[in-house]
Amino acid sequence: MELTQDLRDMLEGKYGEGAALALKVQIGVGECFNAPGMAPITNAHVALSNQEMDLWFAEKMVNLGARVKVSPTVNPGFCLSYFKRRHMVTDEEAEHMGRVHEAYKTLGCRLTYNCTPYMDTNIPFPNEIVAFSESSATPYVNSVWGARSNRESAQSALCAAITGVVPVYGLLLDENRKGDVLVEVKAKIDSDFSYNLLGYMGKKIGPGIPVFVGLPGHISPEAHRNLGAELNTSGAYAMYHIVGVTPEAPTLEAAFGGKKPKRAVVITDEDFKRVLATEISDPGNREIDFALFGCPHTSTKEVQYIAKALEGKKLAVPLWIMTSALTKSNVEKMGLLDVLRAAGGEVVEDTCSDQPCWRLYKGKVGVTDSPKCAYYPRKRGLEFVVRDLDTCLRAALEGAVQ
Ligand code: F3S
């Protein structure tokens, strides 16, 4: 791999052992994909997970003296002050989260603790080369903003933030950004929730870059967020094309780069019903114990919608909304936090659904509008009935779901 003199100096330790190790990791990745060299990045997002291995790597970098050259935004763990104060995490778990915080702070990261930075705090320009990890983030920056990122891991994105470069391969190159699979959507698409189900079609769509046709003219930012998150829960996708939306897909021909699709797939209402019943959701028709929203993190618009639906009412079960500190502060200023709290709901910042703070719902059943929210916490013993947002809100008010 060809390296500039500056990168050769970095590899030899001129900028410290941490930067040298980060670059070594990236050279390893690059060599796997025959990358000819490295390209500078201008933005990054690290999918910090508050898990053992993630902390091990971040602390290793800290101990080797690494500091970020391009300060990345980071994913949520859990809000330490909130859950510690309420005794919802053990001392050991609180200490772990505290160490994660210290490590990423020392590295120089932007401690946004949010999994949807592409909606407000970290928005790249078209063709900007970036290093984004996190399931919904990579497809969003490639497919909606037209930036260029491979499907980074938390660790490779952190290495990129430290070195300021990424190996040139995959989606950084024009020829690898063309569509492979024509996905004709015949299923009814009538809400942002429909995109959760569409994204969960990864197994049917199969490998490659999907090109969706048959979608409505306007697709909300939340719908794109849902589509990307679920494509990476049911499969592995760093990019999709929607004609007229994805900057590189003004026409169907451009989306496929003038070539024929390798496959064509049709998505129907029957597909949606089947995955919802067999792969995503508990069958329902039962009492529920809680409601959880915000996987990925909710937008201000969504909190507004939920607050309006709950205004003046009393919830039968606890209702939690996970979001960024920025959105929480917005909705607090808007008076929505008071409305939600009066109904019995709560908004928590910096928190992910796949964290030990939700232990209190082990063995219980909740409602959520997110298949991803149902998928990951299952290993922690939480079960979910997945329904559209209105049905979930009705269920939280009544304490039971159809
Ligand atoms: Fe975000 Fe955690 Fe869900 S990072 S997408 S809340 S699993």
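The values are calculated or read from the model by the stated rules, or taken from the named source; none is laboratory data. Since the model is a prediction, treat every value here as computed from it, not as a measurement. Using ideal geometry, Cβ is built from the backbone for each residue, glycine included, and neighbour counts are taken over all protein chains shown. Protein only, heavy atoms only, side chains kept; ligands, DNA and RNA dropped before computing areas. Shrake-Rupley method; radii C 1.70, N 1.55, O 1.52, S 1.80 Å.
Between the stretch 249-315 and the stretch 141-166, the alpha-carbon centres lie 25 Å apart. Taking all protein chains as they are arranged and a probe of 1.4 Å, the heavy atoms of Lys24 leave approximately 130 Å² accessible to solvent. Amide H contacts of His297: Cys115, Thr116, each under 5 Å away and 5 or more positions distant or on a separate chain (H built 1.01 Å from N in the peptide plane; Pro and chain starts excluded). The phi torsions of the stretch 374-382, fed into the Karplus equation with coefficients 6.51, -1.76 and 1.60 and a -60° offset, translate into couplings of 7, 6, 6, x, 4, 5, 9, x, 8 Hz, rounded to whole numbers, with Gly and Pro shown as x. In this structure, Glu287 and Ala236 have a Cβ-Cβ separation that, at R0 = 22 Å, corresponds to a calculated FRET efficiency of about 0.05. Derived scalar couplings between HN and Hα for the stretch 198-205 equal 4, x, 6, 8, x, 5, 6, 5 Hz in order, rounded to whole Hz, by the Karplus curve 6.51 cos²θ - 1.76 cosθ + 1.60 (θ = phi - 60°), x for Gly and Pro.
Note on Lys260: aspartates and glutamates with a C-alpha under 13 Å away, same-chain residues under 8 apart excluded, are Asp180.
When ligands, DNA and RNA are left out and all protein chains stay put, how many square angstrom of accessible area per residue does the stretch 153-292 have with a 1.4 Å probe?
That works out to 39 Å² per residue.
At 222 nm, what value in deg cm²/dmol follows for the chain if DSSP H runs of at least 4 each add -39500 (n - 2.57) and the sum is divided by all its residues, to the nearest 500?
-11000 deg cm²/dmol
Beyond 22 Å in Cα-Cα separation lie the following of the pairs Lys60/Lys379; Lys328/Lys379; Lys188/Lys273; Lys60/Lys105; Lys24/Lys69: Lys60/Lys379; Lys328/Lys379. Extension gain, Glu398-Asn127: 0.36 nm per intervening residue step, less the Cα-Cα distance, totals 92.7 nm.
What a 1.4 Å probe finds exposed on the chain is 53% carbon and sulfur by accessible area, rounded to a whole percent. What the phi angles of the stretch 307-313 give under the Karplus curve with 6.51, -1.76 and 1.60, with θ = phi - 60°, is a coupling list of 4, 5, 5, 9, 4, x, 10 Hz, glycine and proline written as x. Accessible surface comparison of Trp56, Trp358, Trp145, Trp320, probe 1.4 Å, protein chains only, largest first: the order is Trp56, Trp145, Trp320, Trp358.
By the compact-protein rule of thumb, 2.2 N^0.38 Å, the alpha-carbon radius of gyration of the chain corresponds to a ratio of 0.99.
Annotation: amide H-H contacts under 5 Å for Arg263 (H modelled 1.01 Å from N, sequence separation of 5 or more, or interchain): Leu182. The modelled label-to-label distance between Lys188 and Glu175, using points 7 Å beyond Cα along the C-beta direction, is 4.6 nm.
Legend: residues Cys392, Cys352, sorted from most to least accessible area (1.4 Å probe; ligands, DNA and RNA excluded), read Cys352, Cys392.
Pull up the cross-link candidates among the lysines for Lys259, meaning alpha carbon to alpha carbon under 19 Å and not fewer than 8 places away within one chain. Within the straight-line cut-off, Lys259 pairs with Lys178.
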